[in-house]
Amino acid sequence: YTSSNKHYTTRIMSSSNAEKFLAASADFPEGALPDNQKYEHPLVERYATKEMSFVWSPAMKFTTWRKLWTALATAEQELGLEITDEQLEEMRTKLFDVDFDFAAKKESEFRHDVMGHVHAFGEVAPAAMPIIHLGATSCYVGDNTDLIQIRDALKLIQRKLVQVLATLKEFAVKHKDLPTLGFTHYQPAQLTTVGKRATLWMQDLVLDLERVNREIDELPMRGVKGTTGTQASFLELFDGDHEKVKALNKRVCELMGFSRTIAVSGQTYTRKIDYNVLSVLSGIAQSAYKMCGDIRLLANLKEVEEPFSKTQIGSSAMAYKRNPMRSERVCSLARYIMGLPAGAANTHASQWFERTLDDSAIRRIILPEGFLATDVVLNLLTNIADVFTS
């Protein structure tokens, strides 16, 4: 071959390999990687803690539905309805015996998730089937469960905020006299101390904790309200006795651990509550972003440094880099959390009269994800502050 022929042959071989690659990668082979073909939410699979994941899990949700049905039947019996002790006992013993496959089958048949689970409960508690969900609407279990999950999730957030503050306090006290250059406009300014700067982060988190405490203290249960908030179905059950219906509402809330009930509702509790709760989470995210934004800038100045293990690789192309990855992750998640109240605001504003169902899909996403992400952020803040303290 001549040199020109060799060049031509090489070009043909390269083209042939390229064509083979295109053919091999064009379609995903049927049956390949069958266990990894479903999207996995990174908040759950990669970041979230087991305890916050449990709060928003199907196990928590649907066993709470059963608790609410049992609490309702218990209160109805106490107030004179013909419900037997045997029926209540059957319900109590089957609170955690949920056949999700059966419920899904019934939901597909009825095109209604609540009725699917009513029948699943009745399947294992047949004597109680006639009085399960007696007088209630779907929002009795749906909305009240949402509020119970929000309450439990807020208590987790409360605990973790206290933990972050305790760790930051230790850091601030340890370095209260260590001078460092202050910055205004990110330009060198008068001296401050490392501990004093940490108190700026703590002050924001204290304000967040105060709001979390308030939400926990003031969060109401929807209670027993009926289809449009008039309690008409329960008034019918109790032959128009308003005092018994009021007592029913109060008793169910007591049995579910609530001292407050929302004063009035349509079919749902006002979605303003969702906005308020997500605004609190947004506030925590703002504080976290501020703290970790400062840390990222200080890391560039080599004043602070996140932990870096012996086997850790800073970059696939630049292994020597020591990136503040935890702080960057906080900022990334915090940015997402801060955007969630807008969805809740639009949902609340667009509810027509006693309710519309266009609130359902978005709430299934933004409420769990707001709490899951905030939970991760607070764990990361504790980890970062703990490393700085040691």
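The values are calculated or read from the model by the stated rules, or taken from the named source; none is laboratory data. Owing to the predicted nature of the structure, the values given are computational and were not obtained by experimental measurement. Cβ: placed from backbone, ideal geometry, glycine included. Neighbour counts: every protein chain shown. Heads up: the accessible areas ignore ligands, DNA and RNA and are worked out on the full protein's heavy atoms, side chains in. Shrake-Rupley method; radii C 1.70, N 1.55, O 1.52, S 1.80 Å.
Structure summary
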quantity: Selection from Cys139, Thr93, Leu340, by position along the positive dipole direction of the chain (Cβ); calculated: Leu340
quantity: Projected label distance in nm at Glu328 and Ala349, using a 7 Å step from Cα toward the beta-carbon; calculated: 3.6
quantity: Computed over the stretch 135-210: relative contact order in percent, which uses C-alpha pairs under 8 Å that are six or more apart; calculated: 27
quantity: Qualifying lysines (Cα of each under 20 Å from Cα of Lys302; at least 8 residues distant if same chain); calculated: Lys174, Lys176, Lys196, Lys290, Lys310, Lys321
quantity: Taking N as its residue count, the alpha carbon Rg of the stretch 223-308 over 2.2 N^0.38 Å; calculated: 1.98
quantity: Rh by Kirkwood over Cα pairs, then Stokes-Einstein D for the stretch 66-141 at 1.002 mPa s and 20 °C, µm²/s; calculated: 173
quantity: Backbone HN-Hα couplings from phi across the stretch 74-87 [Karplus 6.51/-1.76/1.60, Hz, Gly and Pro as x]; calculated: 4, 5, 5, 5, 4, 9, x, 6, 7, 10, 8, 4, 5, 5
quantity: Distant-in-sequence amide H partners of Thr193 (H built 1.01 Å from N, under 5 Å); calculated: Thr180
quantity: Hydrodynamic radius of the stretch 79-123 per Kirkwood, over alpha carbon pairs, in Å; calculated: 11.4
quantity: Max mean-square fluctuation residue, GNM over the chain, Cα-Cα springs under 10 Å, options His185, His175, His112; calculated: His185
quantity: Relative contact order, percent, the stretch 69-200 [alpha-carbon distance under 8 Å, six or more residues apart]; calculated: 16
quantity: Residue with peak Gaussian network fluctuation, the chain [Cα springs, cutoff 10 Å], from Ala361, Ala23, Ala120; calculated: Ala23
quantity: Stokes-Einstein translational diffusion, the stretch 248-289 - Kirkwood Rh over all Cα pairs, 1.002 mPa s, 20 °C, in µm²/s; calculated: 172
quantity: Subset of Lys155/Lys272; Lys106/Lys225; Lys67/Lys160 violating a 24 Å alpha-carbon distance limit; calculated: Lys106/Lys225; Lys67/Lys160
quantity: Charge sum, other residues only, whose C-beta stays under 13 Å from Pro368's C-beta, Lys/Arg counted +1 and Asp/Glu -1; calculated: -2
quantity: Sequence of Glu76, Glu19, Glu215 from largest to smallest accessible area, 1.4 Å probe; calculated: Glu19, Glu215, Glu76
quantity: 5 angstrom amide H check on Asn323, placed H, neighbours 5+ away; calculated: none
quantity: Principal axis dimensions, largest first and in whole angstrom, of the stretch 238-390 by Cα; calculated: 77, 32, 24
quantity: Solvent-accessible surface ranking, highest first, for Tyr269, Tyr39 at 1.4 angstrom; calculated: Tyr39, Tyr269
quantity: Sequence-separation-based contact order of the chain, relative, with Cα cut under 8 Å and 6+ spacing, percent; calculated: 18
quantity: Partner aspartates and glutamates for Lys38 [C-alpha distance under 18 Å; skip if fewer than 8 residues away on the same chain]; calculated: Asp27, Glu30
quantity: For the chain, alpha-carbon Rg and Dmax in angstrom; calculated: 28.1, 105
quantity: Within a Gaussian network of the chain (alpha carbon springs, distance under 10 Å), most fluctuating of Val224, Val264, Val55; calculated: Val264
quantity: Charged-residue dipole, Cβ positions (Lys, Arg, Asp, Glu), the stretch 3-136 about Cα centre, Debye nearest 20; calculated: 1140
quantity: Once the Cα gyration tensor of the stretch 156-242 is diagonalised, semi-axes √(5λ) in Å; calculated: 53, 14, 7
quantity: Accessible carbon and sulfur surface of the chain relative to its total accessible area, %, 1.4 Å; calculated: 55
quantity: Among Ala232, Leu207, Asn249 the positive-end extreme of the charge dipole of the stretch 204-252 (Cβ point charges); calculated: Ala232
quantity: Compactness of the stretch 155-302 as Cα Rg over 2.2 N^0.38 Å, two decimals; calculated: 1.61
quantity: Between the stretch 230-249 and the stretch 191-229, the Cα center-to-center distance that results, in Å; calculated: 36
quantity: Percentage of interatomic Cα-Cα distances in the stretch 37-86 larger than 14 Å; calculated: 66
quantity: Pairwise Cα inverse-distance average, inverted: Kirkwood Rh of the stretch 323-369 (Å); calculated: 12.3
quantity: With Cα atoms, 0 to 90° folded angle of helix 272-300 axis to the chain main axis; calculated: 20
quantity: Area of Cys292 that stays accessible when all protein chains are in place (1.4 Å probe, Å², to 10); calculated: 0
quantity: Size of charge dipole - the chain - debye, nearest 20, with Cβ of Lys, Arg +1 and Asp, Glu -1, no other charges; calculated: 2080
quantity: Solvent exposure, largest accessible area first (probe 1.4 Å, DNA, RNA and ligands not counted), of Arg46, Arg211, Arg335; calculated: Arg46, Arg335, Arg211
